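S.K.: Take a look at this one; I'll ask things after.
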Amino acid sequence: MSDVPVVFGKTYFNDDVTFFGNVYDNTGNLIRSSDSDVDLTANNINANSISAASIVTTNSLVVTGSTRISGDLTLDGQSDLRLSDADSGNWVALQAPATVSSNVTWTLPATDGTTGQVLSTNGSGSLIWNAAGRSATRTTFTSSGTWTNPGSGTIVRVTLWGGGGGGGTGAPGAGGGGGGACVFRWFSLSELPSTVSVTIGDGGIAGNPGGTGGTSSFGSLFSAYGGAGGNQSVAGGGGGALSAGSGTAGGTGYGAINTGSAAGASGDCSGGGNSGNSTYGGGGGGSNGAVGGKSLSGGAGGTGFVGGVGGTAGTVPAGGGGSGHSGAAGLCYIDVW
């Protein structure tokens, strides 16, 4: 069959038209070739529908009705996806980066979020609704167990508290136990193994001397040490970042600024001595009726025996036991972002 004859002027069709050959415009430019491609480079085509294997145009393609695309839509050369305002005077646009090393697809959530939530990724291409700001998933261990790496997320903060020391017994001046240390570490999620053993230090029992608080640990990666127990005459020192409290001395911390190893002194990451305070180490226990030392993050020291009345049990987490009372157990928080 030969090419379609040349038609001058406008031509209207009220039904489907099938071309079996080439179609040219009035200047001789090819609009449709026999291989079924439609080339709109030369002129405009106004129609209710156009079906073709491909449509090629170097100018704008204006569609005034709804458009349905059954395949993928690709915008080449970092072109914008533009969304116009009500009068089409201005627009907002989405654009790909200048260089993409590998293809990425983000899948939208199936439902709307709630007020204040933001769209975030699970790291595997799925977008999910999360609360704005802190969106960490926390796992809490109050007793020993095993943490399982969730596989999704980026960073992990692990916070440990050692057990509080037990209060002393046997004399009116028996001292309180030292508080356990608080120690935290940051990790990349990818550097952690699939499971990690978590150990929670027990609180020391009351006695003469009281028991030292147990050490809490996150596998072999790091530990937080417990406070020393008090005895019938003196208080126990608070736990430190690097060692447990011992006698009246607080456990050791990091660097020369940590002076909690001396009785009565206050530490930073070291445990406090006799009634000494600390920032991350445990507070030192009190003796002869003195109140135990405080800690911003670690366990407080237990209060010594006063007026014939003993102290109280250690406060969770990591609090040292007052005279005649046990210390509190440690704790572990694992936050994954």
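The values are calculated or read from the model by the stated rules, or taken from the named source; none is laboratory data. Fair warning: this is a prediction, and the values are worked out from it, not measured in the lab. So basically every Cβ, Gly included, is an ideal-geometry build from the backbone, and we count neighbours across all protein chains shown. Just so you know, the surface numbers come from the protein's heavy atoms only, side chains and all, with ligands and any DNA or RNA stripped out. Shrake-Rupley method; radii C 1.70, N 1.55, O 1.52, S 1.80 Å.
S.K.: Would you point out which residue out of Ser220, Ser152 is closer than 14 Å to Val336 by Cα, open to solvent by 40 Å² or more (accessible area, probe 1.4 Å) and of a type in the set (Ser, Thr, Tyr)? Steps first, please.
M.R.: On the way: Ser220 fails: closer than 14 Å to Val336 by Cα.
Just one listed residue meets the conditions, Ser152.
S.K.: Sort out which residues of segment 117-149 are in a loop (DSSP other than H, G, I, E, B) and either in contact (Cβ under 8 Å) with a residue 12 or more places away in the chain or open to solvent by less than 80 Å² (accessible area, probe 1.4 Å) (or both), and write them in order of number.
M.R.: Pass one, segment 117-149, residues in a loop (DSSP other than H, G, I, E, B): 122-125, 132-136, 142-144, 149.
The answer is Asn122, Gly123, Ser124, Gly125, Ala132, Gly133, Ser135, Ala136, Thr142, Ser143, Ser144, Asn149.
S.K.: Can you find, within segment 98-110, the residue that is farthest from Gly153 (Cα to Cα) among those that are open to solvent by 80 Å² or more (accessible area, probe 1.4 Å) and free of Cβ contacts under 8 Å to residues at least 12 places away in the same chain?
M.R.: Result: Thr99.
S.K.: Does at least one position in segment 170-178 carry a residue that is crowded, with 16+ Cβ neighbours inside 10 Å, hydrophobic (A, V, I, L, M, F, W, C), under 19 Å from Trp337 (Cα atoms) and in contact with a strand residue (DSSP E or B) (Cβ under 9 Å, 6 or more places away or on another chain)?
M.R.: So far as segment 170-178 goes, no, none of its residues is crowded, with 16+ Cβ neighbours inside 10 Å, hydrophobic (A, V, I, L, M, F, W, C), under 19 Å from Trp337 (Cα atoms) and in contact with a strand residue (DSSP E or B) (Cβ under 9 Å, 6 or more places away or on another chain).
S.K.: Another one. Determine whether Thr212 is buried (at least 19 other Cβ atoms within 10 Å of the Cβ) and β-branched (Val, Ile, Thr).
M.R.: Values: buried (at least 19 other Cβ atoms within 10 Å of the Cβ): yes; β-branched (Val, Ile, Thr): yes.
For Thr212, the condition - buried (at least 19 other Cβ atoms within 10 Å of the Cβ) and β-branched (Val, Ile, Thr) - is met.
S.K.: Filter segment 280-329 down to the residues that are touching an Asp or Glu at 6+ places or on another chain (Cβ under 8 Å) and modelled with pLDDT of 85 or more and list them by number. Explain how you work it out, then say what you get.
M.R.: Residues of segment 280-329 that are touching an Asp or Glu at 6+ places or on another chain (Cβ under 8 Å), as a first pass: 280-281, 329.
The one that is touching an Asp or Glu at 6+ places or on another chain (Cβ under 8 Å) and modelled with pLDDT of 85 or more: Ala329.
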